[in-house]
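Notes to accompany the following structure.
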Ligand SMILES: [Zn+2]
């Protein structure tokens, strides 16, 4: 199974990883910076380039993810497609989607679970 899903937010559809992507240098959770879909007609291949950035040290990574025709259309039409995401409100939503588990862990820690 591909460890990425396409999530519809109120700002537009975005790719979200199924796991928390931690920065290889500082361990911070990396978040979406921008994404772009591509259709290689010759090879009948559609894929997605996702750029994640570490908010702490600035490390930058690219994931190349295969997508279906429907996902291609959905992401291509997303208002967030090929846009560098800077809007505070959008970033908050992305942080929430990219670090749900961390928030849960943080809350559990605050409640004294460990
Ligand atoms: Zn980092």
Rounded, prolate or oblate: pick one for the chain, where a ≥ b ≥ c are the square roots of the eigenvalues of its C-alpha gyration tensor, a/c under 1.5 means rounded, and failing that, prolate if a/b is larger than b/c, else oblate. prolate
Rough spin-label spacing in nm, given labels placed 7 Å along Cα→Cβ, for residue 72 and residue 25: 3.5
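So if we plug the beta-carbon distance of residue 10 and residue 41 into 1/(1 + (r/R0)^6) with R0 = 22 Å, what FRET efficiency do we get, rounded to 0.05? The partial results should precede the final answer.
On the way: r = 33 Å, r/R0 = 1.48.
Here the calculated transfer efficiency is 0.10.
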Provide the FRET efficiency to the nearest 0.05 for the residue 62-residue 87 pair, computing r from the beta carbons and using R0 = 35 Å. 0.95
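Given a Förster distance of 22 Å, report the FRET efficiency between residue 96 and residue 51 from their Cβ-Cβ distance, rounded to the nearest 0.05.
On the way: r = 19 Å, r/R0 = 0.86.
With R0 = 22 Å, the Cβ-Cβ based efficiency is 0.70.
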Report, in whole Å, the centroid distance computed from the Cα atoms of the range 7-39 and the range 60-76. 11
Sorting 21, 16 on the 10 Å Cβ count, fewest up front, what's the list? 16, 21
Using only the alpha-carbon atoms, how far is helix 100-110 inclined from the longest principal axis of the chain? Give it as 0 to 90 degrees, nearest 10. 0
Estimated [θ] at 222 nm from DSSP helical runs (n ≥ 4, -39500 (n - 2.57)) normalised by residues in the chain, nearest 500: -7500 deg cm²/dmol
Please determine, in degrees from 0 to 90 and to the nearest 10, the orientation of helix 88-98 with respect to the longest principal axis defined by the Cα atoms of the chain, where the helix direction is its Cα long axis. 80
If 11, 35 are placed from fewest to most neighbouring beta carbons inside 10 Å, the sequence is 11, 35
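Every number in this text was worked out from the coordinates using simple rules, so none of it is lab data. Nothing here was measured: the structure is a model prediction, and the numbers come from that model. Every residue, glycine among them, receives a Cβ derived from its backbone with ideal geometry; neighbour counts consider all protein chains shown.
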